[in-house]
Amino acid sequence: MYHITNLNKNLWKICYNFASKSKHMTRITVAKGDGIGPEIMDATLAIIKAAGAKIEIDEIEVGEKVYLSGNTSGISNESWDIIRRNKIFLKAPITTPQGGGYKSLNVTTRKFLGLYANIRPCVSLHPFVDTKHPNMDLVIIRENEEDLYAGIEHQQTDEVVQCLKLISRPGCEKIVRYAFEYAKQYGRKKVTCFTKDNIMKQTDGLFHQVFDEIAKEYPDIENEHWIIDIGAAKLADTPEAFDVIVMPNLYGDVMSDVAAQIAGSVGLAGSANIGEQCAMFEAIHGSAPRRAGQNMANPSGLLQGAIQMLTHIGQADIAEKVQNAWLKTIEDGIHTYDIFKEGTSTKKVGTKEFAQAVIENLGQKPSTLNAVRYATDVQLQLPKYVRKAPSAKNLVGVDLFVHWGGSDPNDLAGKVKKINNAGASLTMITNRGIKVYPDGFPETFCTDHWRCRFKPVEGKHIDKSHIVKLLIEAENNGVDVIKTENLYEFDGKPAFSLGQGQ
Ligand code: NAD
């Protein structure tokens, strides 16, 4: 079980606390990564060590060199052993080589280690860092393991490729509960949910439904739901209207970069990836290869990740000292190129000089920005997910997806109807989701990827043997089935989408 400590008014940092470890050296795993990674990691480690961080480091190599040596996962088995043993991982950004075959190490790490919650605070540092949103102070809590990031993709026909979007009830429950518990512990007033459930009624619909269910358990915290498109517009325009925002993986990935950028710079934000056993801390930006090796990059994002790590391992006092020194340095106008502005900034510095300035400010506090105070007495505890009793599941049809190069859906219907058998018959054909048979519009553009829906004939039931029979008949009649999806009712409710226009 991990814990989260209470936080100061400004809620600048997330504080996770392994209180039992606080007095001891903690062994952590460090990866310096690619591009600007080694420079910002050296700067970050120099600062936290100067502040007295009680850490011992095991360094591992991950990223570009490992990928290019022929390891498509970007990490060796020995490195996994070290990460799993130490449980705490501070990682600089890495470069994923262009081209197919290389799996994103960031996504793999989050999923292998069960790091289901990604927490990204985005707070403006007005008037010291230029922003159009001086009152912005929000936290994005992003589901970190599923959604389109399951990475299950297939080419199915000449013209169509598919990416599977997987949303699970445990995934939704864990992240939504995390968001409400976070809000409760940190005195946040409102949790907002972003989804696109007006279109994706099953997947985003489940996320929204779970949000509504869990929100009821927190009557003191305001809750609201926004469709992601207008929510994103509102966030970009009026971020001060939001407090904690929880969302599925892809939206969270995009929106947290937008939020960090409009708060000041992507170079300023860090993130915590938290699981039940392990945690990984990083900057939110990438390896910025064009800036590498020039002593230009802003180390602040990774430093913010490292501060989150320090609070997580029970060194909140060190985290507080570093954060206040960092705020003072920003307030002094000592800025790297990405946030430097004539008139506001006083000195443009490189990565090393910025780190040195923070080190010189250790022990000092900002005077205009809110100094932080990290307490360790309030702890957040999250229940383990408990699987619900299974629903009554009833097979009510099957979609056969067919690769066919013709253009008139009526011709396809004629061909496919030959495989109707006593159990099931063709009821509808869609192309990219829109109904094209029966009664399609000639204006509808069609690709070579068709969904043919089979339902039992009146008064009959369908079982899996009918599906097998359909597939054999399809093969015998030259119908190229590229995949099937069973149609189910759960507890009597249809659990599949209708054809658009149906
Ligand atoms: P990026 O975040 O690396 O850089 C985009 C631009 O933002 C840079 O050109 C630079 O102008 C600016 N920037 C980013 N970080 C900065 C910093 N610390 N200081 C100053 N300026 C900074 O995004 P990208 O160019 O799309 O990606 C480059 C590589 O990073 C890709 O290979 C990508 O896969 C990888 N990446 C890694 C991670 C990660 O390891 N967590 C995250 C995102 C991208």
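The values are calculated or read from the model by the stated rules, or taken from the named source; none is laboratory data. The shown structure was predicted, so the numbers you read here are calculated from the model rather than taken from an experiment. Quick reminder, even Gly has a Cβ in these numbers, built from the backbone with ideal geometry, and neighbours come from all protein chains shown. Calculation scope for accessible area: heavy atoms of the full protein, side chains included, ligands and nucleic acids excluded. Shrake-Rupley method; radii C 1.70, N 1.55, O 1.52, S 1.80 Å.
Descriptive notes on the structure:
- Expressed per residue, the C-alpha convex hull volume of the chain stands at 171 Å³.
- Exposure rank, largest accessible area first [73, 287; 1.4 Å]: 73, 287
- Stokes-Einstein D in µm²/s, Kirkwood radius over Cα pairs - region 62-133 at 10 °C with 1.306 mPa s viscosity: 109
- Region 269-382: C-alpha gyration tensor shape, a/c 1.5 cut-off, then a/b vs b/c: oblate
- Across 136, 200, 25, the residue with the most accessible area heads the list, and the full order at a 1.4 Å probe is 25, 200, 136.
- Put simply, when 409-418, 290-299 are sorted by average Cβ atoms within 10 angstrom per residue, most first, you get 290-299, 409-418.
- Percent carbon-and-sulfur accessible area, region 283-364, ignoring ligands, DNA and RNA, probe 1.4 Å: 46
- In the context of the full set of protein chains, residues of region 393-494 present 53 Å² of accessible surface per residue (probe radius 1.4 Å, heavy atoms only).
- A simple rule links phi to the HN-Hα coupling: the Karplus curve 6.51 cos²θ - 1.76 cosθ + 1.60 with θ = phi - 60°, which for region 357-364 gives 5, 5, 4, 5, 8, 4, x, 9 Hz, with x for Gly and Pro.
- Count, lysine Cα pairs under 27 Å in region 297-453, 8 or more residues apart or across chains: 20
- Rounded to 10°, Cα long-axis angle of helix 203-215 versus longest principal axis of the chain: 50
- With 5 Å bins beginning at zero, the pair-distance distribution over Cα atoms of region 373-502 amounts to 2, 10, 18, 19, 15, 10, 6, 4, 3, 3, 3, 3, 2, 2, 0 %.
- For 300, 391, the ranking by accessible surface with the largest value first comes to 391, 300, using a 1.4 Å probe.
- Potential lengthening between residue 480 and residue 236 on full extension [0.36 nm per residue; Cα-Cα distance subtracted]: 83.2 nm
- Given charges at Cβ of Lys, Arg, Asp, Glu: region 393-494 dipole, positive-most of 410, 478, 462: 462
- Overall size of region 132-263 from C-alpha positions, given as principal axis extents largest first: 51, 36, 23 Å.
- Amide H contacts of residue 448 (H built 1.01 Å from N, in plane; Pro and chain starts excluded): 159 sit under 5 Å, all sequence-distant by 5 or more or on other chains.
- With DNA, RNA and ligands ignored, accessible area of residue 452 (1.4 Å probe; Å², nearest 10): 0
- Expressed as a whole percent, the proportion of Cα-Cα pairs in region 450-502 lying more than 17 Å apart is 47%.
- Considering only beta bridges that DSSP places wholly inside the chain, some 60 percent are antiparallel.
- Overall, the accessible surface of region 393-494 at a probe of 1.4 angstrom is composed of carbon and sulfur to the extent of 50 percent.
- Accessible-area value, residue 493, 1.4 Å probe, nucleic acids and ligands omitted, Å²: 140
- Dividing the summed helix terms, -39500 (n - 2.57) for each DSSP H run of n ≥ 4, by the number of residues in the chain produces a 222 nm estimate of -9500 deg cm²/dmol to the nearest 500.
- Under-5 Å amide H pairs with residue 27, H placed in peptide plane, nonlocal only: 56
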